[in-house]
Amino acid sequence: MKIQTIIEQMTLEEKAALCTGASAWTTTPVERLDVPEMIVSDGPHGVRRVPNVHEMALESLPATCFPTASCLASTWDVDLIHQMGEALAEECIALNVDVLLGPGANMKRSPLGGRNFEYFSEDPYLAGEMAASFINGVQSKGVGTSLKHYAANNQEFQRFSISAEIDERTLREIYLPAFEKAVKQAQPWTVMCAYNKVNGTFASEHDILLNKILKDEWGFAGLVVSDWGAVRDRVAALKGGLDWEMPGPQGRRVQEVVTAVRSGKLDEAVLDESVRRILRIVFMAAETPKGSNGSIGGEFDVDAHHELAHHIATEGLVLLKNDGILPLKGQQQIAVIGRSAEQAHFQGGGSSHINPTKVAVPFKELKAQAGDAEITYAQGYPTDDSFRQDLIDEAVTLAQAADVAVLYIALPTFKESEGYDRTDLDLTDQQVALIKAVARVQPQTVVVLNNGAPLAMSAWIDEVAAVLEGWMMGQAGGTAVADTLFGKVNPSGKLAETFPLKLADTPAHLNWPGDAGKVHYGEGLFIGYRYYDAKELPVLFPFGYGLSYTTFEYSNPQVSAKTFKDLGGVTVSVEVTNTGDVFGKETVQVYVCDKQSGLVRPYKELKGFAKVALQPGETKTVSIDLDFRAFAYYHPEYRQWITEDGEFDLLIAASAADVRHALTVTLESTLELPCILDKESTVREWMADARGQAVFGPFYTQMEAEARKMFGSGDERYGNDGAIGMDIMEMFNDMPLVSVLMFQQHTLPTHPEDMVADLLQQVHN
Ligand code: BGC
């Protein structure tokens, strides 16, 4: 039956019920019209399918726990993320799940965000690429996704209620583009709204975000689902564009919708539109057969998916420091220290928690690859926050006797999880003391970290020989760590977020986490490397950084055109050569730097990247396309993305702090922008606008001459600054034209207000 026909046959009560879940994880079926139930499950980096989808159970069925988003983004490998998406879909099909609740595409505004491990990056371009690939991978197999949490869900503190106060340009350039890219490039079946408010309105009721931007402007064709428990006012939410409330059942909410339609408070057409969107997805989901006869128990390839999780982890681990100790070779005795060698810390706490099919124990994996070397083990630190000198002493004794100490240090969940933010960037006191004590007796100390977001390391990093960032590396990460330590694989992950030196350096520091119900995004566009660039602040490790066991040389940078039109864009290319002795992979990054712009812009912004695999001595050409959006910025007065004529530098880089080549190009804008001059526009704005200059330009010289006559044009005794000790035009240029003319009324044929009104009429005609 056609969707429209079904809608026509549904009662008001049935429609209202469809727009609310039937249970924790299901839609409301309409049996008499053959509308089936649809099942959703968390996400994002594994399938968290509870045995009974009608209940909010804690235990879930075994599924592959892939690395979390911090690790995924550090691979910079969109094809790999696509493959992971396909594998997730296969598990959804086997476990009878129609829609996987992920990926998360929020920005890492502060490294303190408790849920940062579930998000990709501090950079919207990279996060958008990752999210789009993830979605395309899952959906290529006929399983849906839920892009979340839309929008500005950047902290856990008061996450159900806080209002993220963000100016329009920052929202458009930083907090929305990853969602926009994912919607436009991948059309997720569903988008999940955030819990928080944005500029005072709940994301679940946000007409501008949901209706105007997501659905109308970006063309999102799927359904919007609430985050679990995010709806406060069901009728306002329907009007605002929230189609499906979760979880259910919510009899009272259903009744509210029915009453609102009957009383005329809610137009039934609004409800019908949500019903249409939900039915469309429910029927799309039903097209993919799931499980065995539609129930749990289908099969997926556990080993192959474990192996994929392993491969992704090897690509996402980031080698942060290496004095030359790595890869390990020929050591006779290895002291393995740290609880997380035995108890792998490979995922974060909260709704994304997966029941893994199996777990690669780091200690065992290391031992398996260590050949004849003798391996000793000490716990090093306890599970809780207590300080245990005895554990440190035991570790020191082992480290002293060995050729090398490998410390597995995991940030405990009481410091990092969904549901609460971190309060600092530090390891526990015990962990810091342990690292320092071991390094004091054993200069060959390697630290392997497991955490979801940046750590401060200044207290100990100079004392150790190597640091490997292992993230929350998924169930197979233990093998990936051993592979990397012994050089079976060459590390190729690069940071998708800046590691600051200290908390006080971070962009949101003075505006975090907010109070009185609001958090002001005072740093505006300047998050992540955009901030550190602008402040010229040193960092511990820059965005895009990661070491390898080989070296890469960049040569012969080229651009397809030196002068180009914005709509056509340009292609940048560079030759990359592996100049070392081992196979390796390099991620080339292209940042765009606008040399002069009408509004303030970050110094540089990532607009393209490519990962390339190279044998020793091999050279490959990497090409990266830059389109209109690579050069544009969002202008809040034009209320659109604009380009401006002028020069741009294209920075070809190995990290945000390692620019290898710069090419200058000239953009010719094809935009015909409406004139935005108004009665408050300044003299400078009139002169900067082509139409403004055409009508006002002739008066400018006269105005300047008059100003200099009134205020003098120089005083020889005090330099040439004019009679009142200043250059009057420097001030006048930034005053509204009408205000300047007020001072010159006596010279004008008409009143200044009439004169400006007349000029405005001319420019707006
Ligand atoms: C989380 C979502 C999750 C949902 C369902 C919420 O608390 O914010 O990410 O998908 O619960 O578990």
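The values are calculated or read from the model by the stated rules, or taken from the named source; none is laboratory data. Given the structure is predicted, the values throughout are model-derived calculations rather than measurements. Here the Cβ is made from the backbone with ideal geometry for all residues, glycine too, and neighbour counts use every protein chain on show. Please note that ligands, DNA and RNA were not included when accessible areas were found on the heavy atoms of the full protein model with its side chains. Shrake-Rupley method; radii C 1.70, N 1.55, O 1.52, S 1.80 Å.
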**OP:** Tell me, yes or no, whether the stretch 466-479 has at least one residue that is in the same structural domain as residue 388 (by TED's automatic domain parsing), out of contact with any Asp or Glu (no Cβ under 6 Å at 6 or more places or on another chain), crowded, with 23+ Cβ neighbours inside 10 Å and part of a helix (DSSP H, G or I).
**Re:** yes
Subject >> Count of the stretch 608-623 residues which are open to solvent by 10 Å² or more (accessible area, probe 1.4 Å) and touching a Lys or Arg at 6+ places or on another chain (Cβ under 8 Å) >> reply: 3
**OP:** Could you please find all residues in the stretch 421-438 being part of a helix (DSSP H, G or I) and open to solvent by less than 10 Å² (accessible area, probe 1.4 Å)?
**Re:** 430, 431, 434, 435, 438
Original post:
Given 552, 541, which one is hydrophobic (A, V, I, L, M, F, W, C) and closer than 30 Å to residue 336 by Cβ?
Top reply: 541
Subject >> Single unsatisfied condition, residue 279 versus (1) touching a Gly at 6+ places or on another chain (Cβ under 9 Å); (2) away from the ligand (no atom under 16 Å from the Cβ); (3) not polar (S, T, N, Q) >> reply: (1)
Subject >> residue 513 being surrounded by fewer than 24 Cβ atoms within 10 Å (Cβ to Cβ), within 30 Å of residue 199 (Cβ to Cβ) and not assigned by TED's automatic domain parsing to the domain that holds residue 353 >> reply: yes
**OP:** Hey, can you tell me all the residues within the stretch 170-193 that are away from the ligand (no atom under 16 Å from the Cβ) and either among the acidic types (Asp, Glu) or part of a strand (DSSP E or B) (or both)?
**Re:** 173, 180
Subject >> Residue ID - surrounded by the most Cβ atoms within 10 Å (Cβ to Cβ), chosen from residues in the stretch 117-136 that are charged (D, E, K, R) and away from the ligand (no atom under 16 Å from the Cβ) >> reply: 123
**OP:** Could you please let me know if residue 224 is under 25 Å from residue 5 (Cβ atoms), away from the ligand (no atom under 16 Å from the Cβ) and modelled with pLDDT of 95 or more?
**Re:** no
Subject >> Subset of the stretch 137-169 that is more than 30 Å from residue 91 (Cβ to Cβ) and in a strand (DSSP E or B) - its residue that is nearest to the ligand (Cβ to nearest atom) >> reply: 164
Subject >> Options 78, 97: the member that is away from the ligand (no atom under 16 Å from the Cβ) and not aromatic (Phe, Trp, Tyr) >> reply: 78
Subject >> Answer from 544, 528, 514, 568 - the residue that is out of contact with any strand residue (DSSP E or B) (no Cβ under 8 Å at 6 or more places or on another chain) and touching a residue at least 12 places away in the same chain (Cβ under 8 Å) >> reply: 528
